[in-house]
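All of the numbers you see were taken from the coordinates with simple rules; none came from a lab. Only a predicted model underlies this, so the values are computations on that prediction, with no experimental measurement involved. Glycine also receives a Cβ, built like all others from the backbone with ideal geometry; neighbour counts cover every protein chain displayed.
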Ligand SMILES: NC(=O)c1ccc[n+]([C@@H]2O[C@H](COP(=O)([O-])OP(=O)(O)OC[C@H]3O[C@@H](n4cnc5c(N)ncnc54)[C@H](O)[C@@H]3O)[C@@H](O)[C@H]2O)c1
């Protein structure tokens, strides 16, 4: 028997990378999964996950658009009647030095990473408050805690996600809803594939475990936070980073 048998989980940015890995892991633990992404690939990922013996729903959504997010939750309720778990994972980078950073680079990163997370958290809260239970996990980043040259937009958005997590944890606790964040370090995905070797070396130098992490490392942490084992944990930031930030 899985740890979250019969639960319904929404995972944003689930087409690939860390989101796909989280969706797979929660399916293995017994949850039905709603996969949302802007990418067409989300359909194929959902079919793959269905083979694990759970029900899935793939929805093409841009989480920056409130109407699309509301539609995602309406469709989830139509299909599965409830939402037990929300994983706010979708995110983007548009790296640049501050003096060269365009308004579009700033706005798009804040829109997806911070506002997108808020949109989904708000829609989930309405349902979870009525249910008087729910678990929300927001994917932040180590740079949301320590900052990073060339990523002012991204680190500000991820720092914002941590404050959003704490405020939501305080607001929703009385209704039996927990809200936590996971702060990944350097994880090997499409997002980090594009980094220059120099940037990767710089990360390796400050990782005590001297290696990058895998999407599964993040999925392991998320799987704990959405399980009953974490019922008394809320408003926390769990670093999964080989010791980079401590
Ligand atoms: N890879 C890392 O080292 C690392 C480190 C720290 C934090 N993170 C965070 O982990 C999360 C997943 O990152 P990843 O490495 O798997 O990257 P990724 O680019 O492989 O996956 C991100 C997914 O989000 C989707 N997405 C982007 N904008 C969207 C939107 N507007 N609406 C819906 N979906 C959207 C993308 O299509 C993609 O499938 C992100 O929030 C990222 O910031 C990653």
Where does helix 215-225 land angle-wise versus the long Cα axis of the chain, in degrees 0 to 90, nearest 10?
50
Debye sum, Cα scatterers, segment 43-109, no solvent: what log₁₀ I/I(0) at q = 0.12, 0.25, 0.26, 0.29 1/Å?
-0.49, -1.20, -1.25, -1.35
How many angstrom lie between the Cα centre of segment 1-49 and the Cα centre of segment 200-246?
19
Who wins for biggest fluctuation among 175, 100, 25 in a Gaussian network model of the chain, springs between alpha carbons below 10 Å?
100
R0 = 25 Å: FRET efficiency of residue 122 with residue 78, Cβ-based, nearest 0.05?
0.85
At R0 = 30 Å, FRET efficiency that the Cβ-Cβ distance of residue 202 and residue 51 yields, to 0.05
0.15
For the chain, what is the mean residue ellipticity at 222 nm derived from helices alone (per DSSP H run of n ≥ 4: -39500 (n - 2.57); sum divided by total residues; nearest 500 deg cm²/dmol)?
-13000 deg cm²/dmol
If the label point sits 7 Å along Cα→Cβ of residue 60, residues of segment 25-44 with amide N under 16 Å come out as 35-44
Förster radius 25 Å - calculated FRET efficiency between residue 174 and residue 3 (Cβ-Cβ, nearest 0.05):
0.50
Tilt, helix 152-172 to longest principal axis of the chain (alpha-carbon atoms), in degrees rounded to tens, equals 30
At a threshold of 8 angstrom on Cα-Cα distance, excluding pairs fewer than six apart, so keeping six or more, what relative contact order does segment 8-240 reach in percent?
19
What ranking do 20, 193, 28 get, fewest neighbouring Cβ atoms within 10 angstrom at the top?
193, 28, 20
Nearest 10, in degrees from 0 to 90: the angle of helix 66-80 to the longest Cα principal axis of the chain is 40
Contour minus Cα-Cα span, residue 103 to residue 41, at 0.36 nm per residue, comes to 19.4 nm
Which semi-axes, in whole Å and largest first, does the equivalent ellipsoid of the chain have when worked out from the alpha carbon gyration tensor as the square roots of 5 times its eigenvalues?
27, 19, 18
